[in-house]
Amino acid sequence: MTNEEAVKQILFDYYNAFSTLDVQSILPYFHQPALLIGPLGVIALPTADALVPIFGPVMEDLRQREYRRSELSLQQLDLLSATSALATGVAIRRKANGQELERVGVTYLLHKGDNSWKFAVMVLHDTDKVAP
């Protein structure tokens, strides 16, 4: 599997894990330390445990809004080196009936260490900042 294929697979697997709304299932996808950049500012995630109070409430909110699954519309993927990649797209969240719940622009900086790709930086942004 090429690095590009491996990054795409990690993104696909992460979205499947996130769709379970089990915060524990997404922890292995994050490098330690990691950064989350979004509407609340920059949040340092030094350990996997630091993800729980961030993603737990987000998942609970989605659960309350009849969320069923997420998918990534990947718009751009650049391999920056043998151990870093930049991916940008739109996370599309859907309800149980398939209706679109919301869209979130996302950019990921991934790092490859110990033969696996993980999120080092996750940026949430407006969807209009994503190339078509």
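Below is a table of values for the structure above.
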quantity	calculated
Count of the stretch 87-107 residues which are of a type in the set (S, T, N, Q) and in contact with a helix residue (DSSP H, G or I) (Cβ under 9 Å, 6 or more places away or on another chain)	2
Listing of strands (runs of 3 or more DSSP E) fully contained in the stretch 23-128 that carry 2 or more residues being touching a residue at least 12 places away in the same chain (Cβ under 8 Å) and under 15 Å from VAL7 (Cα atoms)	30-38, 67-81, 84-95, 100-113, 116-125
Subset tally (residues that are in contact with a His (Cβ under 9 Å, 6 or more places away or on another chain) and not small (Gly, Ala, Ser)) for the stretch 89-120	8
Matching residues in the stretch 94-113 - criterion: being over 16 Å from TYR15 (Cα atoms) and crowded, with 16+ Cβ neighbours inside 10 Å	HIS111, LYS112
Breaking point among (1) among the polar types (S, T, N, Q); (2) at pLDDT below 95; (3) open to solvent by 70 Å² or more (accessible area, probe 1.4 Å); (4) under 18 Å from TYR14 (Cα atoms), for SER116	(3)
Counted residues, the stretch 58-80 - those being closer than 19 Å to VAL123 by Cβ and open to solvent by 50 Å² or more (accessible area, probe 1.4 Å)	8
Complete set of residues in the stretch 1-21 that are aliphatic (A, V, I, L, M) and either surrounded by 12 or more Cβ atoms within 10 Å (Cβ to Cβ) or touching a residue at least 12 places away in the same chain (Cβ under 8 Å) (or both)	ALA6, VAL7, ILE10, LEU11, ALA17, LEU21
Residue satisfying condition, being at pLDDT below 95, of a type outside the set (A, V, I, L, M) and over 21 Å from THR20 (Cβ atoms), within set PRO46, PRO39	PRO39
Filter result for the condition that a residue is touching a Lys or Arg at 6+ places or on another chain (Cβ under 9 Å) and among the β-branched types (Val, Ile, Thr), over VAL90, VAL106	VAL90
Residue within the stretch 55-65 that is within 24 Å of LYS112 (Cβ to Cβ) and touching a Lys or Arg at 6+ places or on another chain (Cβ under 7 Å) present	no
Which numbered condition PRO132 fails, given (1) in a loop (DSSP other than H, G, I, E, B); (2) more than 18 Å from GLN9 (Cα to Cα); (3) at pLDDT 95 or above	(3)
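The values are calculated or read from the model by the stated rules, or taken from the named source; none is laboratory data. Model, not experiment: these values are computed from the prediction. Because the Cβ atoms are built from the backbone with ideal geometry, glycine has one as well, and the counts that use them run over all protein chains shown. Side chains are part of the model used for accessible areas, which takes the heavy atoms of the whole protein and leaves out ligands, DNA and RNA. Shrake-Rupley method; radii C 1.70, N 1.55, O 1.52, S 1.80 Å.
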